[in-house]
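Report on the following structure.
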């Protein structure tokens, strides 16, 4: 009988802590520092935005498998298609990240952004020992490792770091809700 009450109490307490964190971010971090803005004419405009989105959504990365818009999620190896009204349909990007996976008779990725394999290497979940494996120990999707190995073999490009503040805000605020609060 009391399990329901303690669950509700824990949920309310968690919500309160999350709201306090959002208030702190809004007052202490965002308002106390000048937020750098990008000029849309900047050559790195698209890349910087995509890298910032990747900072919050790297766990929802998908790799293109055989076919035009057939992808598999890295984490669970589920097959997905890019939502038909996306501008990325037919573009053939090797890697994408998405805001949401929509499950229906056909599984779709919604709000999709192209990513580069080299960018994924910055995140620990894309290290070889952290890639998803079957019970037998073999990789769920060996093509993921092949793509990442090709990216590792390329000469390193000059680092275009996203400010830690931007990455942190993207992962805390955007990732859980999919929008700024």
State, to one decimal in nm, how far the label point of residue 19 lies from the label point of residue 127, with both points 7 Å from Cα in the Cβ direction. 3.9
Work out, step by step, the length gained on full extension between residue 59 and residue 9: first 0.36 nm times the residue separation, then minus their alpha carbon distance; give nm to one decimal. 15.1 nm
Stretchable slack from residue 149 to residue 91, in nm (0.36 nm times residue separation minus alpha-carbon distance): 18.6 nm
Separation in nanometres of the label points that stand 7 Å from Cα toward Cβ, at residue 44 and residue 106: 3.9
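No lab work stands behind these numbers, since they all come straight from the coordinates. All values derive from a computational prediction rather than experimental measurement. Positions of Cβ are generated from backbone atoms using ideal geometry, with glycine treated the same way; all protein chains shown enter the neighbour counts.
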